[in-house]
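A.B. asks: Could you have a look at this structure, given as structure tokens, before my questions?
The values are calculated or read from the model by the stated rules, or taken from the named source; none is laboratory data. Just so we're clear, the structure is a prediction, and the values are computed from it rather than from any experiment. Cβ: placed from backbone, ideal geometry, glycine included. Neighbour counts: every protein chain shown. Quick note on the areas: whole protein, heavy atoms, side chains included, nothing else; ligands and nucleic acids left out. Shrake-Rupley method; radii C 1.70, N 1.55, O 1.52, S 1.80 Å.
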Amino acid sequence: MALDESDSVAADRTDDPADASRRRLLAGLLTAYTASLIPWALAQPAPHAERGAFTALSAILVGRQALDGAQATRLYDALAAGNARFPAEVQALLSLIGERHIDPRQLQGVLDGEHSPLAPLPRQIMSAWFLGVVGGGGDARCVAYETALNAVVVADVLKPPTYAYGAYGSWSAKPNA
Amino acid sequence: MPAQQSADIVVIGAGIVGALAARRLAQQGASVLMLEAGPRLESARIVAAFRNSPLKGNWMAPYPPSPWAPHPIYVPRDNGYLKQAGPYPYPAEYIRAVGGTTWHWAAQAWRLVPNDVRIKSLYGVGVDWPLSYEELDPWYQEAEEILGVAGADNTGSPRQHPFPMAPVAEPWSMRRVRERLAPTYAVVANTVARNSRSYGGRPACVGNNSCQPICPVNAQYLGINAVEAAEAAGAKVVPNAVVYRIEHDAKGRIAAVRYYAPDKSEHRVTGTTFILAANGIESPKLLLLSASSKYPNGLANSSGAVGRHLMDHPSTSLTFYADEELWLGRGPQSPSSINTLRDGAFRAQHAPYRLDFTNISQVLNVTNDLIKEGVYGAEFEKQLRWRAARQINVKNVLEVLPNPDNRITLSTEKDAMGIPKPEAHYAIDDYTRRAAEVSKADFARIAALMGGTGLRYSAEGQFANNQHITGTLSMGSDPASSVVDAFGRTHDHENLFVCGTGVMPTAATMNSTLTAVALALRTAEHILPAKQAAAADGREAGRA
Ligand SMILES: Cc1cc2nc3c(=O)[nH]c(=O)nc-3n(C[C@H](O)[C@H](O)[C@H](O)COP(=O)(O)OP(=O)(O)OC[C@H]3O[C@@H](n4cnc5c(N)ncnc54)[C@H](O)[C@@H]3O)c2cc1C
Ligand code: SF4
């Protein structure tokens, strides 16, 4: 799947000196192990440590080579608004993965096996990124639809429902042909 | 003293069926007043509500009920409007708003097969209808021309005249299913009220794949189109008018209906002829609510059949991964079916069924599955694409036989207006369950032909509901066992007619709206025959 540079904050070029420190911030949050999972994220700017940790953890969970900075802010704000402990939990999970070298593929099993209070966290973050949905049950809120990653990663083949696929009959052709 | 209104024809319920009866009668010069419990909705707002909804898989989410005219909601939790008496749940869905439930239908607009109306004579099960398929045929045609139905001739339902439109272009996914299942199964295009070209002032489908819960461009015909057509013909609609009582005179003729406005002010409407078209649950509820000393069991209920014989189309299904990329979600949601099992001698033993392939995008379901499975890292995106490209689902649409114990009654609980809520008593009998069992072999064969892996059958004994509420106001020749006659007139009240899927005495295997519309047009003709020239005009007007 081709990467769209334009939706990545890495493409955000500015010479502001404050920006350099925002970029260094994230590197300081990562261990050698977590940095190896998301080498591209080392150059990501972050306004503060909590938001930086969210970007890093999101990058590990989502497993993409770039994440949209504005979207990260929107999701972070929505998740933090719904749960005062969210910033601390994010930092705790990021540290845990870094210290114990947990493979993302094993992560849920490890957390469940240890009855970790952090066990629900990865799913909350994945739901925010991939579904654009924050919170659960009656409190669930939609904060993204067309820009949710489950729309983005199939955008070469499908339009999100309610968006026109194309001219009448265009769907009869073989996808990606 | 309640405010008074009056009309020649008073229609209760501005859904697709009531509105098309109203339109035809208004075209004949009658004054027509439609009383609609719910508010007017705006398409653009529904689209926005869907896009902003955290519950994209729940098609009721963009349609929150009004406090004065509630409808059932089950997600994220049951709003307790449709009470469940068991033993099997009957989670019916409908929308109380101007235009009714077809705001979010799939626009499958099928005819029955001729033998569907004679299953008692032919197979010794259910009941026969008081009319033949041949008598229905011209009314189907008129309905198809109004709705703008696209279809092909190979679906098992004979016809005298061509469809108004060619079938909707086949999605790639369904082409592959059709090619790979041949010759074992014939996969055919669904007959749908969805434009394959511009028709009736509405555009051709552009493949938004959101037919349920809302077609943003109105390429599929909706109840609101019927309401607007009725208004254009001169009918008046009163929204937010919750009818709570039908009144009769000393001779048993209907004299008036009463409704509440949202502020609970009372209004009374008199008329010459009354049409009850409030759907298969709310219509029987209203008849039961209108009990009087002369009719202690409710109106039109000397047979005791009002609310009984509740039927729908339960479904079981199989989901699996095909061995090639199909990418469901390109084009309309409901494109194709296997229709060869709708009829046969086996109907003496078990229910017939249609096999229905969805073309709904699998992206949402697959994302939910992956999140549930706790998949993280690069694997997530890889799996999402792999599964969304290959996941496919086939379901059966099973006939249910009329059983007097399956029924709608009045609950002891009341809604915010003080009107009793409806209560469902429902069970799925062995006739239907046997067919579900038989169809499993079809599911397995289909999966094998598609190189299927990861087969997931719906849970044993669990049936999804298809929201085709039938039987509760059954038509029949015998007033002792049916509610209305072959023209929809109640046996008990000369000037009270019923229109809707509820009048169908058996459910057959096809989505029931087109049949209900055809019967309603026939009822309208019976009430006020069209002049020949006017009838021809009406047909022309329906054509693009
Ligand atoms: C998700 C979904 C998909 C569907 N897909 C299909 C399909 O593809 N093909 C098909 O054939 N069918 C389909 N159906 C079923 C179809 O929607 C119904 O058969 C159809 O709407 C019936 O039309 P109606 O006019 O009889 O009832 P409705 O559309 O329910 O309209 C009845 C109207 O009466 C009003 N009313 C109720 N009570 C009162 C009262 N007390 N006073 C005044 N007004 C009242 C209601 O507010 C409503 O507007 C689907 C249903 C659902 C839920
Ligand atoms: S696919 Fe889109 S345009 Fe076509 S009927 Fe469905 S919602 Fe409307």
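A.B. asks: Let me have the relative contact order for chain B, percent, based on Cα pairs under 8 Å that are six or more residues apart. Spell out each step's value before the answer.
C.D. replies: Details: 1332 pairs, mean separation 125.6, N = 544.
Here the relative contact order equals 23 percent.
A.B. asks: Related question: Toward the positive end of the charge dipole of the protein assembly as shown, about the Cα centre and with charges on Cβ (Lys, Arg +1; Asp, Glu -1), which of A:LEU75, B:THR472, B:TYR140 goes farthest?
C.D. replies: It is B:TYR140.
A.B. asks: To continue, here is another question. In whole Å, how far is the Cα centre of the range B:402-428 from that of the range B:447-481?
C.D. replies: 21
A.B. asks: Two-decimal Rg/Rh of the range B:27-142 from alpha-carbon positions, Kirkwood Rh?
C.D. replies: Numbers: Rg = 19.2 Å, Rh = 18.0 Å.
Expressed as Rg/Rh, it is 1.07.
A.B. asks: First check a/c for the range B:242-353, with a ≥ b ≥ c the square roots of the eigenvalues of its C-alpha gyration tensor; if it is under 1.5, answer rounded, and if not, answer prolate when a/b is larger than b/c or oblate otherwise.
C.D. replies: On the way: a/c = 3.81, a/b = 2.05, b/c = 1.86.
Here the range B:242-353 falls in the prolate category.
A.B. asks: Continuing with this model, one more query. Arrange the residues B:LYS395, B:LYS236, B:LYS120 by how much accessible surface each exposes, largest first, with a 1.4 angstrom probe. Please list the in-between numbers first.
C.D. replies: Numbers: B:LYS395 55, B:LYS236 125, B:LYS120 105 Å².
Ranked list, largest accessible area first: B:LYS236, B:LYS120, B:LYS395.
A.B. asks: Could you list which residues have their amide H under 5 Å from that of B:LYS421, counting only those 5 or more apart in sequence or on another chain, with H placed in the peptide plane?
C.D. replies: B:SER411, B:GLU413, B:LYS414, B:ASP415
A.B. asks: Against the longest alpha carbon principal axis of chain B, how many degrees, from 0 to 90 and to the nearest 10, is the axis of helix B:133-147 turned?
C.D. replies: Rounded to the nearest ten degrees, it is 80.
A.B. asks: If eta is 0.890 mPa s and T is 25 °C, what Stokes-Einstein diffusion coefficient results for the range A:35-158, Kirkwood Rh from Cα pairs, in µm²/s? All intermediate terms of the calculation are to be shown ahead of the outcome.
C.D. replies: Values: Rh = 14.9 Å.
Rounded to a whole number, D works out at 165 µm²/s.
A.B. asks: Then there's this: Between chains A and B, what is the buried accessible area summed over both chains (1.4 Å probe, protein heavy atoms, nearest 100 Å²)?
C.D. replies: Numbers: alone 9950 and 20200 Å², together 26340 Å².
The buried area between A and B, both sides summed, comes to about 3800 Å².
A.B. asks: Hey, another quick one. I'd like the mean, over residues of B:42-55, of how many other protein chain beta carbons sit within 10 Å of each residue's own Cβ. Intermediate values should be presented prior to the final figure.
C.D. replies: Working: counts 0, 0, 0, 0, 1, 1, 1, 0, 4, 8, 5, 5, 15, 3.
Average per residue, whole number: 3.
A.B. asks: Okay, moving on. Determine the sum of side-chain charges near B:VAL217: Lys and Arg each +1, Asp and Glu each -1, restricted to other residues whose C-beta is under 12 angstrom from that of B:VAL217. Show your work: numbers first, answer last.
C.D. replies: Details: positive: B:ARG194, B:ARG202; negative: none.
Net local charge, B:VAL217 excluded: +2.
A.B. asks: OK, next. May I ask you to derive the relative contact order of the range A:35-158, considering only C-alpha pairs under 8 Å and at least 6 residues apart, and to give it as an integer percent? Intermediate values should be presented prior to the final figure.
C.D. replies: Values: 110 pairs, mean separation 24.9, N = 124.
It rounds to 20 percent for the range A:35-158.
A.B. asks: When only DSSP loop residues count, what GluC sites (Glu not before Pro) in the range B:253-360 have their Cβ near at most 14 other Cβ atoms within 10 Å?
C.D. replies: Answer in residue order: B:GLU324.
A.B. asks: So for the pair B:ALA345, A:ALA84, with labels modelled 7 Å out along Cα→Cβ, what separation do we get in nm?
C.D. replies: According to this spin-label approximation, the distance is 7.5 nm.
A.B. asks: Going highest first, how would you order B:478-484, B:398-404 by mean Cβ packing within 10 Å?
C.D. replies: Working: B:478-484: 19.9, B:398-404: 22.0.
Put in order of decreasing packing, that is B:398-404, B:478-484.
A.B. asks: Can you pull the percent of the range A:35-137's accessible area that's carbon plus sulfur, 1.4 Å probe, other chains left in place? Mind showing how you got there, number by number?
C.D. replies: On the way: 2200 of 3980 Å².
Accessible surface attributable to carbon and sulfur in the range A:35-137 totals 55 percent.
A.B. asks: Do any of B:LYS83/B:LYS120; A:LYS159/B:LYS56; B:LYS285/B:LYS414 go past 22 Å between their Cα atoms, and which? Could you put the intermediate results ahead of the total?
C.D. replies: Working: B:LYS83/B:LYS120 32 Å; A:LYS159/B:LYS56 15 Å; B:LYS285/B:LYS414 12 Å.
The pairs that break the limit, which is 22 Å between Cα atoms, are B:LYS83/B:LYS120.
A.B. asks: Work out Dmax and Rg for the range B:285-415 from the C-alpha atoms and quote the Rg first, both in angstrom.
C.D. replies: 22.7, 72
A.B. asks: Would you mind checking the radius of gyration and Dmax of chain B based on alpha-carbon positions, in Å?
C.D. replies: 22.6, 76
A.B. asks: Residue by residue through the range B:420-431, what is 3J(HN,Hα) from phi via Karplus (6.51 cos²θ - 1.76 cosθ + 1.60, θ = phi - 60°)? Round to whole Hz and write x for glycine and proline.
C.D. replies: x, 6, x, 10, 9, 10, 8, 8, 10, 8, 5, 4
A.B. asks: Now for a separate question. Cα to Cα, under 15 Å, and not fewer than 8 places away if on the same chain: which aspartates and glutamates meet these conditions relative to B:LYS264?
C.D. replies: B:GLU36, B:ASP415
A.B. asks: For the protein assembly as shown, what mean projected area does the convex hull of the alpha carbons give, in nm²? Each step should come with its number before you reach the end.
C.D. replies: Numbers: hull surface 132.1 nm².
Computing the convex hull of the Cα atoms and averaging its projections yields 33.0 nm².
A.B. asks: Considering only protein heavy atoms and a 1.4 Å probe, what is the carbon-and-sulfur percentage of the accessible area of the range B:325-390? If you can, show how the numbers build up before the last one.
C.D. replies: Details: 1010 of 1930 Å².
C and S atoms contribute 52 percent here.
A.B. asks: Nearest 20 debye, what's the magnitude of the dipole of chain B about its Cα centre given +1 on Lys and Arg Cβ and -1 on Asp and Glu Cβ?
C.D. replies: Numbers: 53 positive and 50 negative charges, 139 e Å.
With only Lys, Arg, Asp and Glu charged at Cβ, the dipole is about 660 debye.
A.B. asks: I need to check one value: relative contact order of the range B:83-140, counting alpha carbon pairs closer than 8 Å and at least 6 residues apart, in percent. Don't jump to the answer; show the numbers that get you there.
C.D. replies: On the way: 31 pairs, mean separation 11.5, N = 58.
Computed over the range B:83-140, the figure is 20 percent.
A.B. asks: Separate question: Going out from 0 in 10 Å bins, what whole percent of all Cα-Cα distances in the range B:190-250 drops into each bin?
C.D. replies: Answer for the range B:190-250: a P(r) of 18, 36, 25, 14, 6, 1 percent.
A.B. asks: I'd like to check one number: the per residue accessible area of chain B, probe 1.4 Å, reported in Å² as a whole number.
C.D. replies: Details: 18280 Å² over 544 residues.
Spelled out: the 1.4 Å probe surface of chain B, per residue, equals 34 Å².
A.B. asks: Can I ask one more? Return the sequence-ordered ³J(HN,Hα) values of the range A:158-165 in whole Hz as given by the Karplus equation 6.51 cos²θ - 1.76 cosθ + 1.60 applied to θ = phi - 60°, using x for Gly and Pro.
C.D. replies: Here the 3J(HN,Hα) series is 10, 9, x, x, 5, 9, 4, 5 Hz.
A.B. asks: Excluding ligands and nucleic acids, what accessible area in Å² is computed for B:SER411 using a 1.4 Å probe, to the nearest 10?
C.D. replies: Roll a 1.4 Å probe over it and B:SER411 shows about 10 Å².
A.B. asks: Arrange the peptides A:61-69, B:81-89 so that the one whose residues have, on average, the most other Cβ atoms within 10 Å appears first. Don't skip to the answer; put the middle values down first.
C.D. replies: Values: A:61-69: 20.6, B:81-89: 16.0.
Answer by packing, highest mean first, reads A:61-69, B:81-89.
A.B. asks: While we're here: Amide H to amide H under 5 Å from B:GLY271: which residues, 5+ apart in sequence or cross-chain, H placed 1.01 Å off N in plane?
C.D. replies: B:ALA7
A.B. asks: While we're here: Sequence-distant or interchain residues sharing an amide H contact under 5 Å with B:VAL11, placed H: which?
C.D. replies: Placed amide hydrogens put B:LEU33, B:MET34, B:LEU35, B:ILE275 under 5 Å from B:VAL11.
A.B. asks: Residues with beta-carbon under 15 Å from that of B:PRO91, excluding B:PRO91: net charge, scoring Lys, Arg +1 and Asp, Glu -1?
C.D. replies: Result for the local shell: -1.
A.B. asks: Taking the full set of protein chains and a 1.4 angstrom probe, give the accessible area of B:ARG96 in square angstrom, rounded to the nearest 10.
C.D. replies: 30
A.B. asks: Summing +1 for each Lys or Arg and -1 for each Asp or Glu, what net charge is found among the other residues whose Cβ lies under 14 Å from the Cβ of B:LYS251?
C.D. replies: -2
A.B. asks: For a protection proxy built on the mean count of beta-carbon atoms within 10 angstrom, sort B:385-393, B:454-462 highest first, please.
C.D. replies: Final packing ranking: B:385-393, B:454-462.
A.B. asks: Taking the Cα centre of the range A:35-158 as origin, sum charge times position over the Cβ atoms of Lys and Arg (+1) and Asp and Glu (-1), and report the length of that vector in debye to the nearest 20.
C.D. replies: Values: 8 positive and 11 negative charges, 11 e Å.
That gives the range A:35-158 a dipole magnitude of about 60 debye.
A.B. asks: Across the residues of A:147-160, average count of Cβ atoms on other protein chains within 10 Å? If you can, show how the numbers build up before the last one.
C.D. replies: Working: counts 0, 4, 4, 12, 4, 1, 8, 12, 0, 1, 9, 11, 8, 9.
For peptide A:147-160, the averaged partner shielding equals 6.
A.B. asks: Compare each residue of the range B:363-381 in its chain alone against the assembly with all protein chains, and report those whose accessible area goes down by 40 Å² or more; 1.4 Å probe, heavy atoms.
C.D. replies: Residues shielded by partner chains are B:VAL363, B:ILE371, B:TYR376, B:GLY377, B:PHE380, B:GLU381.
A.B. asks: Residue by residue through the range A:116-126, which ³J(HN,Hα) values in whole Hz follow from phi under the Karplus form 6.51 cos²θ - 1.76 cosθ + 1.60 (θ = phi - 60°), with glycine and proline marked x?
C.D. replies: In residue order, the calculated couplings are 5, x, 7, 4, x, 4, x, 5, 4, 6, 5 Hz.
A.B. asks: Calculate for chain B the 222 nm mean residue ellipticity that helices alone would give, adding -39,500 (n - 2.57) per DSSP H run of length 4 or more and normalising by residue count, nearest 500 deg cm²/dmol. Walk me through the numbers on the way to the answer.
C.D. replies: Working: 12 runs with 139 residues, N = 544.
Helix contribution divided over all residues of chain B: -8000 deg cm²/dmol.
A.B. asks: Let's see if you can work this out: charge +1 on each Lys and Arg Cβ, -1 on each Asp and Glu Cβ, no other charges. What is the dipole magnitude of the protein assembly as shown about its Cα centre, in debye to the nearest 20? Intermediate values should be presented prior to the final figure.
C.D. replies: On the way: 67 positive and 68 negative charges, 55 e Å.
Magnitude of the dipole: close to 260 debye.
A.B. asks: How much of B:ARG258 can a 1.4 Å solvent probe reach, expressed as accessible area in Å² and rounded to 10?
C.D. replies: 50
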